[in-house]
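Working notes for the structure below.
The values are calculated or read from the model by the stated rules, or taken from the named source; none is laboratory data. All values reported here derive from a predicted model rather than from experimental measurement. FYI the Cβ positions are ideal-geometry reconstructions off the backbone, even for glycines, and counts take in every protein chain you see. To get the accessible areas, we keep the full protein, side chains included, count just its heavy atoms, and leave off ligands, DNA and RNA. Shrake-Rupley method; radii C 1.70, N 1.55, O 1.52, S 1.80 Å.
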Amino acid sequence: MDGDDDVTASAMIDDPMSNGAESASPATAAMGEPMDVEAYAAMYTGRTKIIRLLFIADNCDNEVMKLEALRMAYDEIKKGEDTNLHREVSSKIRNRLGPKYTVDLAWVESVEKRAAMRRDKLDNELNGYRTNLIKESIRMGYNDFGEFYYAHGMLSESFKSYIRTRDYCTTSKHIAQMCMNIILVSIELGQFSHVTNYVSKAENNPDPLPPVTQAKLKCASGLAFIETKKYKFAARKFIETGYELGNNYSDVIAPQDVGLYGGLCALASFDRTELKTKIIDNVGFRNFLELVPEVRELINDFYASRYASCLGYLEKLKANLLLDIHLHDHVETLYTEIRHKAIIQYTLPFISVDLHNMADAFKTTVAGLEKELEALITNGQIQARIDSHNKILYARHADQRKATYQRVLQTGGEFEREVRSMLLRANLVKHEVSAKSGRKF
């Protein structure tokens, strides 16, 4: 960009305050506090509550929070029947919570004794059903075995039992129940290909599913897409989740998670128009966003180009997001995508940008910003060049005249090929020429 362009550029160096470089709003101050483990755990039920608490204990650097998570996991496990998980948690506590939180041998012996009796009873009942060839009773027998194994932490056996019910499902309701059971176990096993497969089977059910079941399937599909890093598809699934979900799927996901996962995935993958129509103006999804006001605010800040405030929210959320069992492995990728989108969006309105002002807006150094811009320019995400001496980013505008000529030539070439093809076909028809394919043996 030379000559007149440089004169214009110098007159249009941006004011970062007009493009979002404002200080973070006071509301962000409340988010820097450590996670309230008790309030977090209260959103979940069943095994996912225990697994999430153990994940926090394994990944948290705060010793007080770690012991609190282990204590709550220990208490929750004793409400169930998984003795192996009880031993695992007790070994992690390592006598740091007093004599009350050690391996309870009497409880373990009692649970395992009851489990052995229960298994024998289920086995005898199932054998009787199979002898009498009662399909519905066989289905229920395998279903009972699936629930039994799941409660005792034998997830692979539970998965096999639920799979076996497939051959004995006689109604659409049975098929939906079978799919939901398999999805539940597959999520905990981390086998998200099975999740996707059985979500599809359930959604293709000939009879309409209840709204709650549809919402559960959307959530399960969203989690599977997050796992495969297809964030745009994940965002769409969470956005489509009906508010009927409520707390009915707390053994997998809380309604707050729908707003959190959907909001972050949308921010990382949606363009500006989609963000407005599918998130900000979406009345249905707004109900979930109201449960996580910090995510709602950072989305609004991003759309309004208040990047300092948006990135401030993200930074204060990061510590807690790293303790989320489904987001932990994706936080860095999501944050990078969101930051890159913010940088691209920041530069779009200007012919030139002062890197010092831009660095202030993004709370980084000029050298660090230059590296980020270099990567984006190299990948073709920003059409610009950097003046490293004066620390100015100049937009590289395409030659509109040249582009117009190229489009005209391309259109002319396509028109010529189509006319030649039409003339050829007309002559073939006129002279009654036809080509017949040879017979294959």
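Here are the numbers for the structure shown:
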{"item": "Accessible area in square angstrom per residue, the chain, 1.4 angstrom probe", "result": "54"}
{"item": "Proximal lysines relative to LYS230, as straight alpha-carbon distance under 16 Å, when same-chain residues fewer than 8 apart are discounted", "result": "LYS218"}
{"item": "Label-point separation in nm, ASP251 to GLU147, each point 7 Å along Cα→Cβ", "result": "0.9"}
{"item": "Part-to-part distance (alpha-carbon centres) for region 281-315 and region 345-424, which is given in Å", "result": "29"}
{"item": "Spin-label model distance (nm) - LYS78 vs SER193, 7 Å beyond Cα toward Cβ", "result": "4.2"}
{"item": "Under 20 Å from the Cα of LYS229 - aspartates and glutamates, other chains or at least 8 residues apart", "result": "GLU188, GLU240, ASP257, ASP271, GLU274, ASP324, ASP329, GLU332, GLU337"}
{"item": "Label-point separation, GLU244 to ALA106 (7 Å along Cα→Cβ), nm", "result": "4.8"}
{"item": "Computed over the chain: relative contact order in percent, which uses C-alpha pairs under 8 Å that are six or more apart", "result": "17"}
{"item": "Label point 7 Å beyond Cα of THR333 along Cβ direction - residues of region 261-304 with amide nitrogen under 17 Å", "result": "261-270"}
{"item": "Probe 1.4 Å - accessible area at LYS229, Å² to nearest ten", "result": "110"}
{"item": "Cross-link pairs LYS49/LYS216; LYS79/LYS216; LYS78/LYS121; LYS49/LYS278; LYS232/LYS278 - those with Cα-Cα distance over 19 Å", "result": "LYS79/LYS216; LYS78/LYS121; LYS49/LYS278"}
{"item": "Heavy-atom SASA rank of LEU217, LEU184 (probe 1.4 Å, accessible area, largest first)", "result": "LEU184, LEU217"}
{"item": "Accessible area, probe 1.4 Å, largest first, for residues HIS194, HIS152", "result": "HIS194, HIS152"}
{"item": "Partner lysines for LYS316 [C-alpha distance under 20 Å; skip if fewer than 8 residues away on the same chain]", "result": "LYS66, LYS341, LYS363"}
{"item": "For region 214-325, convex hull of alpha carbons as volume per residue, Å³", "result": "91"}
{"item": "Electrostatic dipole magnitude of the chain [Cβ: Lys, Arg +1; Asp, Glu -1; Cα centre; debye, to 20]", "result": "2120"}
{"item": "Coordinate range along principal axes, alpha carbons of region 350-395, Å, largest first", "result": "24, 19, 18"}
{"item": "Gained length - ALA375 relative to LEU291, 0.36 nm times residue gap less alpha-carbon distance", "result": "26.6 nm"}
{"item": "Mean Cα-pair separation over length for region 350-395, i.e. relative contact order, pairs under 8 Å, 6 or more apart, %", "result": "47"}
{"item": "Computed accessible area, THR45, all protein chains, 1.4 angstrom probe, square angstrom", "result": "60"}
